[in-house]
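These notes concern the structure reproduced below.
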Amino acid sequence: MNGMAIDDVLPELSVGPVSRLDLALYCGASGDHNPIHVDIDFARAAGMEDVFAHGMLSMAYLGRVLTNWVPQSWIETYSVRFSSITPVGARLRCVGRVSAIEQLGESCRVTLALSVRDQGEALKIKGEATVRVPADGITNRGNNNGKA
Amino acid sequence: MIDTSYIGTSLPSFEVMVERGRLALFAKAIGQDDPLYSDLATARGAGHPDLPVPPTFLFCLEMDAPDPAALRKLLSIDIARVLHGEQHFRYHRQAHAGDRLRFEPVIADIHAKKGGALEFVVRDTRVTNQHGQAVADLRCVTVVRNPQGGDS
């Protein structure tokens with residue numbers, strides 16, 4: 001089945017500790033200028049103790065787990081639910097696991113259960129993605145993805 | 001409470017150019033070490049016409065709307081009370097630097113939970129390219145916290 005099986009684990013990605021510079025860079029690069037992520041005065045006025053990371057930054061980290069694993073063009077859907085905020089200093093583990101495989105003729109659709117947790121195992125993001133794997137399978141991804 | 005009569009309302013559509021330098025900066029900001037996303041020669045060597053738009057960047061381009069606060073203004077939502085609840089992408093076609101993408105957002109749903117303490121605004125956005133081809137469908141669920149709950 002294209003060399004994949006249920007419960008196969010994707011190579012995980014560890015990032016962090018998330019710094020204030022990371023949040024500033026993401027603010028500028030993403031175009032998300034909500035001050036609650038970069039301006040501590042605004043965050044405190046809004047009742048927060050400190051600034052906190054953009055949820056979409058963690059979704060982008062988690063997306064790297066997908067594109068490290070398969071060429072991006074194989075990804076059909078990618079969805080997340082944000083569970084809790086990620087404070088400055090958090091260390092994040094981005095993981096994925098094959099939860100379903102549906103055969104579609106020569107190709108197959110693989111469903112992935114995804115999550116981001118911090119160093120205390122607190123859930124930050126729960127996600128799911130579906131990936132359409134062509135008949136010649138994952139063994140050829142290096143040729144498509146420009147990486148080994 | 002947010003006026004649910006806005007369900008089904010279209011927000012202004014807009015077009016955004018995908019810029020190569022912006023993609024390279026985004027790659028840096030998310031720690032992306034795969035040169036496919038920042039180095040033109042690598043991208044072309046892998047068969048791409050230009051740097052590919054990474055999976056979540058379409059959401060960022062949507063924030064490049066002429067008025068990124070259009071939804072909050074229309075619904076009178078205070079940015080300090082807003083959290084991002086969910087984000088969904090369905091991809092149809094890879095976008096690249098140099099593409100001109102069109103975004104067409106619609107308010108798909110508005111509903112409350114916990115007696116109004118939390119309200120949810122669902123925005124669906126269709127993204128097409130300069131050739132009119134479908135690129136992706138985005139769904140963004142915004143959570144609005146109402147400290148007093150109920151009728152605040």
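Please list, by residue number, every one of the trypsin sites (Lys or Arg not before Pro) in the range A:41-141 that is coil in DSSP and has at most 12 other beta-carbon atoms within 10 Å. Can you show the working numbers first?
On the way: sites: A:Arg44, A:Arg64, A:Arg81, A:Arg91, A:Arg93, A:Arg97, A:Arg109, A:Arg117, A:Lys124, A:Lys126, A:Arg132, A:Arg141; in loops: A:Arg91.
Those that pass, being in a loop and sparsely packed, number zero.
Per residue of the protein assembly as shown, the DSSP helices (runs of n ≥ 4 H) give a summed -39500 (n - 2.57) that works out to -6000 deg cm²/dmol at 222 nm. Treating r as the C-beta distance of A:Ser84 and B:Gln133 and R0 as 25 Å, the FRET efficiency rounds to 0.10. Spin-label model, B:Ala41 to A:Asp39: label points 7 Å out along the Cα-to-beta-carbon direction sit 4.3 nm apart.
If I take R0 = 45 Å and measure r between the Cβ atoms of B:Lys28 and B:Ser5 in this structure, what FRET efficiency does the formula 1/(1 + (r/R0)^6) give, to the nearest 0.05?
Details: r = 43 Å, r/R0 = 0.96.
About 0.55, to the nearest 0.05.
Once the GluC sites (Glu not before Pro) in DSSP loops with at most 14 neighbouring Cβ atoms within 10 Å are cut out of chain A, the longest remaining piece is A:50-105. From largest to smallest, the equivalent ellipsoid semi-axes obtained for the range B:37-133 from the alpha-carbon gyration tensor read 33, 14, 12 Å.
For chain A, what does the relative contact order come out to in percent, with C-alpha contacts under 8 Å and a separation of six or more?
Values: 281 pairs, mean separation 42.3, N = 148.
29 percent.
Straight-distance candidates among the aspartates and glutamates for linking to B:Lys113, with alpha-carbon spacing under 16 Å and chain neighbours fewer than 8 residues away dropped: B:Asp3, B:Glu86, B:Asp151. Given q = 0.07, 0.09, 0.13, 0.14 Å⁻¹, what are the Debye log10 I(q)/I(0) values for the protein assembly as shown, with equal point scatterers placed on the Cα positions and solvent ignored? Each listed q corresponds, in turn, to -0.27, -0.44, -0.95, -1.11. Here the simple spin-label model places points 7 Å from the Cα toward Cβ, and for A:Arg20 and B:Leu74 these points are separated by 3.7 nm. Here is the interface size for B with A: some 3000 Å² of accessible area buried, both sides summed, with a 1.4 Å probe. Each part reduced to its alpha carbon centroid, the range B:44-64 and the range A:50-128 end up 18 Å apart. With the cut-off at under 14 Å, measuring from each backbone N in the range A:116-130 to a point 7 Å along the Cα-to-Cβ line of A:Arg91 picks out A:117-122. In a GNM of chain B with a 10 Å cut-off on Cα contacts, which of B:Ala69, B:Ala80, B:Ala117 has the highest mean-square fluctuation? Result: B:Ala80 has the largest fluctuation of those listed.
The mean accessible area for residues of the protein assembly as shown, using a 1.4 Å probe and ignoring ligands and nucleic acids, is 44 Å² per residue. Expressed per residue, the C-alpha convex hull volume of the range B:63-114 stands at 137 Å³. Rolling a 1.4 angstrom probe over the protein assembly as shown with all protein chains present gives an accessible area of which 50% lies on carbon and sulfur atoms.
The values are calculated or read from the model by the stated rules, or taken from the named source; none is laboratory data. Just so we're clear, the structure is a prediction, and the values are computed from it rather than from any experiment. Here the Cβ is made from the backbone with ideal geometry for all residues, glycine too, and neighbour counts use every protein chain on show. Note: areas computed on protein heavy atoms with side chains; ligands, DNA, RNA excluded. Shrake-Rupley method; radii C 1.70, N 1.55, O 1.52, S 1.80 Å.
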